[in-house]
Amino acid sequence: MADYELVKKMLRAILQSSKSGLPLSRLQAEYKELTGEAIPHKQLGHATLDTLLHSMSSVVRLDRGRSGEVMCYATVGNEMAHITKLAARHHTAKKTGRPQVVNCQMRVKPSAPLVLNGRTDKVILGIVPVLLFWDRLPTMSRNHLKDKTLYKPFRSRLTPHSSPYSPKLVQSRLKEVLSKHSNGLWVSKLPQLYRELYKQDLPSEALKDLEEWTHICTIEKPCSSKPQELLLYPAKDISQTTTPPSPAMTPTANKQSPPTQNPPASPTVLSADLKQKLGELLLKYSSGLWAHALPKLYQDTYKTKLPEYVLDNLPLLSDICTIDYPMPDNPKRAILYVKAVEDENCNQEDLADLRAREEAGRRISYQTVPPLLIPREEYPSVLVVEASNTNSVVLRYIGEGYSKAQEKLEDEMKEFYGQDNTKKSLVSPSSGQLTAVHAEEEEEILRAQVCEVMSEKVKVYYVDHGFSEVISKSKLLELHEKFFRLPFQATKCKLAGLEPFSQEPVVLKKFDSMASGKILLAEILERNDIPLMVLYDTSQDDDVNINAACLKALQDKSLESPMQVNSAYMNVNVTSVSSDGTFCCQLPSRGLTKLNEVLEKAETYFHSQVTSESLVSRPFCGKSCLARFKGKWSRVEITNLHGSRVLDILFVDLGVQASVEVIELREIPPPFLRDLTAIPPQAVKCCLADLSVSVGSWTPDAVQWLRDRALQCSDCSLKIAKVEESKRLAHVYLFTSKNFHDLSRSLNHQLAESDLWKHQKDVFLSSQGPLKTPSSPKTPPTTPPNTNSTGNSSPSTNGRSKAPQTSKKVPPQSRTTPPITPPRNLALPPVLELPPAGHNIDIYVSVACHPGHFVLQPWQDMYKLVVLMGEMILYYNKTEEKPLTVEKNQVYAAKVENNWHRVLVKGVLTNGLVSVYELDYGKHELVSCTLLRPLIQEFRQLPFQGITAQLAGVKPRQWSEEASIVFRNHVEKKPLVAQLDSVQDAAQPWDRKVTVFLVDTSQEDRDVWVHDIMAEFADELTKAA
């Protein structure tokens, strides 16, 4: 007989790891993969699986997806119900007159490769594909492990929220800070000072590395100070360490010294003007700028050429920037990080000023209330309260230490004030005073601040809920001092991208309808006093970018492209053709005419401006800006970020997608911002009437036939047969002449009658083709792909949803072009170096199946992998797709979701799918053969980062599914310390296996040894059996 509770436990674990829900069929497969058997609904007394799941309402919630398929979601916990009540209370007080549906179905952003967001010491996820979304999974309590805290050498330099960082960069910046504080500074003040100078958070693991950086600093513990306070001084030899170039710079200097025999000697210092201009550029890209991108950026910004000697001698820039070499094999690929420019005279005054303001803000009603800290995670959940201005949105953070702490406090207040001897009325309230308020409709006590005192009533502001109310004085109670300890929970944020339109009525109305009273996901872009955020509603099938939706509310509907049925249009410009037969075009309209006029003015504006103000320094999903297409500026929307430098964009007026570097984007000039925001996108999505657009209907040859005729015709015409309003898709008859009265001359009719449309039924077409942006070798990097040679995907209807993919190809044997066989003489990357047995390394566990099989990544060089993957995206997304001979056990580049990975082909299936193993992350994937590319030499330098491992200290065995879940909850997607026990070498790097002890050092008071947990858990299962 199956164990009902064990089945529930397994299902809960599966569903909690898939916050966006699972199709019913997938749930069955996941359960079988985990346990080795199907969900035993009949053994549990249920005729069908549906009835079993309906009986487990505390574990699973069933719903139907957009396609009609049954979806399974983890049941929302008690906390969400409490948040719902809080939102309802707020809106009852506001008396809005309409119900508010609270989004209780939160979705964790999909896990994907590690990507840096705007800096080398911070990691993002979700909108941006990301690896490090630190799930707070349950941790087993093992009291006997407290004895293990004597192993202090295992105290990791990592924390649950730490991220890969460049030690050389942080060390260089630390030298700058200490040079300005030669008399020393408190270590506790270092993070604040670092954030003020560099606009970035100091990596938490760097604080624990300070003691090892004896060549940079000296740490001293004053006898009179608190135990946790340490003093930091410059190293005694700091003057010498700043003189010679760093080891990373040495290859560049050596390689560039010989060519200087013929040209005149380069200057040994930069001119003040050149230094200032370069400093301005680097300041716009505080997350780093590739050195090779500097000449074009300098030319575009200042309309003059950058002297060639600058790139030939990068150490000349060392006094204005830090130089990092993420690819040691290629010294010309350097990243430049701006150095802080600090006014030493006012630095101390500013810091004193800041401390005074902080202290003043904490003093309310003669009591000290701690300030509310912004959550450390980059994507916290928030409850939106209200917004009278998008620059000042009132919200609350949801989760441990925030809403949970507030819930606990209100329970304590309710119990405390429920006693007669503690219920003291506030006799003489004064403005600004803190008080406890007896809620009118519920038996609850809330903290509030008196705003205005009237004769019989008083206006109060609920400091934890973010709204005001006029109540009777009799409801005021004295607030006991023990309720001052929790920070006020109501806080504010600013919505990114809406700053110029913060008080527009249509924007505020749209925001109120989409966000007020709902729990949303917040992406924190800047951690200021009022943080800059992007909000997302993740409760639907597609994530909705709230900021972008509010911006679209400003569009003038009268300027939309006309889409009237039975109407004919001439002078039509087809801009892109997708591999499913859909295409985008521009129809003559008022909106298109106005758009062209404004863009021409913007072109003139950019030519006349010599400033760095237009550079985009803070990209985010949904942001509207400008990029060049075929030499002209066009409107784009950022649809995805691959770190801080590489991103995906959509040309909204062309329907063309591309991957570019952030330096290719420009802010919309202020004089034209309102006009360009008001014009709706001018790309009209169409399909050929009477021809199917389903997956598999269009062969690559048919797609190419349409591209050759439509994209090369400068004067097409079309007739609209019908319009699908829900998809904004027009079914049209397309002509390459003005004779649109004769449908037999349409491209529809020509294609339907051709042999191209009568394709073989066994042609394999992938539904996930690659995002193609091919360009000719002569096309400059800032120019998007030439759509005359290949097509581009159609625009997404939702900037947050995944972009539609493009080219779909038949297998190589059905192509007339001979397939490419990747050269076999390319060497594999060097084997990843590991320390000797018994030594410790900081690692990240990317995949964990059970203690006998998991995959770890060394932490130290992980940022180099981030840089590599960004380069792969730029290279392969701009490389034309060609037939490729795919062979088993060979290394390729493969596109998985939105990222390119280095993979090993494990098998080639007959249906055109390929089984691949991600060599840097240890995951197995099935991808279309059309998504593979040869792995070029440039991407074969960094050692494969994924290392197969097994846990030391436990006996090899057949691990149960329950034990596997416990193991995953403790190690998967977490930074840990690994003590190397042994290495099993192999002929190929992916066959090498290590045996390690794993230690979780995230807790302050003890180190948790994972093998002890698993050994005890196995013993308990044995005894239970």
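Key figures for this structure:
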{"quantity": "Solvent-accessible surface (1.4 angstrom probe) belonging to Ser430, in square angstrom, nearest 10", "calculated": "60 Å²"}
{"quantity": "Under the Karplus curve 6.51 cos²θ - 1.76 cosθ + 1.60, θ = phi - 60°, whole-Hz ³J(HN,Hα) for the stretch 996-1002, x wherever Gly or Pro sits", "calculated": "9, 8, 10, 10, 8, 10, 6"}
{"quantity": "Cβ charges +1 (Lys, Arg) and -1 (Asp, Glu), total dipole of the stretch 449-608, debye", "calculated": "480 debye"}
{"quantity": "Long-range HN-HN contacts of His46 with modeled amide H, under 5 Å", "calculated": "none"}
{"quantity": "Net charge, Cys585 excluded, C-beta distance under 15 Å - Lys, Arg +1, Asp, Glu -1", "calculated": "+2"}
{"quantity": "Interchain or long-range residues, amide H under 5 Å from Phe629's placed H", "calculated": "Ser634"}
{"quantity": "Most positive-pole-ward Cα, Val994, Ser928, Ile947, against dipole of the stretch 885-1025 from beta carbon charges", "calculated": "Ser928"}
{"quantity": "Per residue value of the accessible surface for the stretch 519-593 (all protein chains in place, 1.4 Å probe), Å²", "calculated": "35 Å²"}
{"quantity": "Among 37-48, 825-836, the order from most to least packed when residues are scored by Cβ within 10 Å on average", "calculated": "37-48, 825-836"}
{"quantity": "Phi to ³J(HN,Hα) by Karplus 6.51 cos²θ - 1.76 cosθ + 1.60 over the stretch 655-660, Hz, x for Gly, Pro", "calculated": "x, 9, 10, 7, 10, 9"}
{"quantity": "Trp859 long-range amide H proximity, modeled H, under 5 Å", "calculated": "Asp842, Ile843, Tyr844"}
{"quantity": "Whole-angstrom gap from the stretch 975-999 to the stretch 870-885, using each part's C-alpha centre", "calculated": "32 Å"}
{"quantity": "Relative contact order for the stretch 443-545, counting Cα pairs under 8 Å that sit 6 or more residues apart, in percent", "calculated": "16 percent"}
{"quantity": "Area of Lys630 that stays accessible when all protein chains are in place (1.4 Å probe, Å², to 10)", "calculated": "110 Å²"}
{"quantity": "Accessible surface, 1.4 Å probe, highest first, among residues Met872, Met454", "calculated": "Met454, Met872"}
{"quantity": "Using θ = phi - 60° and Karplus 6.51 cos²θ - 1.76 cosθ + 1.60, couplings along the stretch 480-485 (whole Hz; Gly, Pro as x)", "calculated": "5, 5, 6, 8, 8, 6"}
{"quantity": "For His215, solvent-accessible area (1.4 Å; no DNA, RNA or ligand), Å²", "calculated": "70 Å²"}
{"quantity": "The stretch 913-1025 - charge dipole about Cα centre, Lys and Arg +1 at Cβ, Asp and Glu -1, debye rounded to 20", "calculated": "440 debye"}
{"quantity": "Proximal aspartates and glutamates relative to Lys973, as straight alpha-carbon distance under 15 Å, when same-chain residues fewer than 8 apart are discounted", "calculated": "Asp135, Glu377, Asp842, Asp920, Asp1000"}
{"quantity": "Packing rank of 743-750, 907-914, where each peptide gets the mean count of other beta carbons within 10 Å, highest leading", "calculated": "743-750, 907-914"}
{"quantity": "Rg/Rh (Cα only; Kirkwood hydrodynamic radius) as it applies to the stretch 379-492", "calculated": "0.97"}
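The values are calculated or read from the model by the stated rules, or taken from the named source; none is laboratory data. Keep in mind it's a predicted model, so treat the numbers as computed, not measured. Cβ: placed from backbone, ideal geometry, glycine included. Neighbour counts: every protein chain shown. Side chains included, ligands, DNA and RNA excluded: accessible areas come from the protein's heavy atoms. Shrake-Rupley method; radii C 1.70, N 1.55, O 1.52, S 1.80 Å.
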